[in-house]
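Please treat every number below as a calculation from the coordinates, not as lab data. All figures in this text were calculated on a predicted structure; none of them were measured in a lab. Every residue, glycine as well, gets a Cβ built from its backbone with ideal geometry; the counts of neighbours run over all protein chains shown.
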Amino acid sequence: MQSNKQKRFYSFRADANALGGFLDEPFEKIIPALAPVSLPAVGGFATARSEAFNLDEIVSCSAAFTRVSGREHAADGSISIQVAATIEGLNILEVLTAERIVAQVSISIPKDNEPLKFSLAGTCFEGLRIAGREGRAKLTPRLHQPGSGTSSQGLTLTYQDIRQTGRDQAARVINGFQSGSPGAQQWAKTRHEWMTSERPRDDGTVLCSVVDGFEGVGPNEGCGHIVEIPGFGRFIFGELIVSRNSIQLVAIRAELGCPVKGQIGVNAVGGGGEGNTT
């Protein structure tokens, strides 16, 4: 007999892909999404995998795989979601290479629909080289070293953690690009100035990065999580976008501005959902 005891309706959202984007020059071409996967609205588990990929020697990888899962816990009615994407042997025009990059987010949503909490444990950049030099990513301490309030799952990060971190990072990025070209200065302001405001955006969205800088990258090549290669383009690392009920992490956004123009996204993962108590 069908049960009528369900007290909560919840629709899951979780998706991941390891690579994708588009090129504008020297030809127009879509970079197909590698290992795309989406979680059913009712929850569950799904994976996808792609073997070696090479697009005209512009961007390539040796393997990519993704995973999503989500469930409601009967004991307390809370929701848990995990989303992960891994890419191995990444090569973008011989300027950025990496042995292995992982983007992973674990999300916890209380039964009473309070703001989600999450963990970035597992996210990493291994064997990263930028413009011929080793570039070891320094992870943002606030987002990877939870304080004394850590729960048994380590899910202590909240919207407020991200907002303060994002404000500090945005101010540093804008200041760091002041010595660059007028175009670079305007780009930095357009992209980050809204995060420096005391008043949150109406939709509650906040932006920050899980990366706080690099060891090995030249002093004139980057500012925080953004690396600019003159005559080539920009790499934006570990970008995190959080709202009250969703989160997205993109390991790398590549904005190419050399003879090859276009945008490439590496390891985009996200999750959240909508629900109500009846």
- So what's the angle, to the nearest 10 degrees on a 0 to 90 scale, between helix 182-192 and the longest Cα principal axis of the chain? 10 degrees
- Item | Förster-model FRET efficiency, 25 Å R0, Asn175 and His144, C-beta, rounded to 0.05 | 0.60
- With each label point set 7 Å from Cα along the Cα-Cβ vector, what nm distance links Glu28 and Lys111? 5.4 nm
- Pairwise centroid distance, computed over Cα atoms, of the stretch 239-278 with the stretch 64-89, Å: 16 Å
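Given 0.36 nm per residue, what is the gain on full extension from Thr47 to Gln160 after removing their alpha carbon distance, in nm?
So the extension gain works out to 37.5 nm.
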- Query: Across every pair of different alpha-carbon atoms, what Kirkwood hydrodynamic radius in Å does the chain reach?
  - Reply: 19.6 Å
- Query: Within the chain, what is the number of lysine pairs with alpha carbons under 26 Å apart, leaving out pairs fewer than eight places apart on the same chain?
  - Reply: 7
- Do you know the relative contact order of the chain, to the nearest whole percent, from alpha carbon pairs under 8 angstrom that are 6+ apart? 21 percent
- Task: Would you calculate the separation in nanometres between label points at Arg136 and Glu99, each defined as 7 Å from the Cα along the Cα-to-beta-carbon direction?
- Result: 1.2 nm
- Between Glu193 and Ile241, Cβ-based FRET efficiency (R0 22 Å, step 0.05) works out to 0.85
- Task: For a footprinting-style exposure proxy, rank Cys124, Cys258, Cys208 by other Cβ within 10 Å, fewest first.
- Result: Cys258, Cys124, Cys208
- Query: Where does helix 159-176 land angle-wise versus the long Cα axis of the chain, in degrees 0 to 90, nearest 10?
  - Reply: 10 degrees
